[in-house]
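Have a look at the structure below before the remarks.
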Amino acid sequence: MTNRSSNTAAVPEAKGALDRFKFEVASELGVPLTDGYNGNLTSKQNGSVGGYMVKKMIENQERQMSGNGQMGGTSQMGGTSQMSSGMQQ
């Protein structure tokens with residue numbers, strides 16, 4: 001059986017923006033996320049960061065799809081990722 005990690009970015013160029021977004025969300029939620037080892041955090045803390053990231057990404061995509069205001073940057077449907085622009089409030 002091949003051991004394939006699901007922890008790979010679909011768009012590798014977006015990795016830096018996703019990391020910045022993760023730290024921004026953790027800061028907003030008061031989760032003491034650090035660069036490196038975070039084994040001291042609970043599953044609830046880690047899950048709240050990931051869940052809130054997904055929520056904000058879905059909200060941003062819904063705004064773009066509805067055409068009702070963008071939160072920064074220009075729409076690039078089918079182009080490059082906009083993870084950092086539009087996710088910050």
Flag for Ser66 being of a type in the set (S, T, N, Q) and modelled with pLDDT of 95 or more: no
Any hit, the stretch 28-43, residues being at pLDDT below 95 and surrounded by 15 or more Cβ atoms within 10 Å (Cβ to Cβ): no
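The values are calculated or read from the model by the stated rules, or taken from the named source; none is laboratory data. None of the values given here were measured: they were computed from a predicted structure. Backbone-built Cβ (ideal geometry, glycine too); neighbour counts: all protein chains shown.
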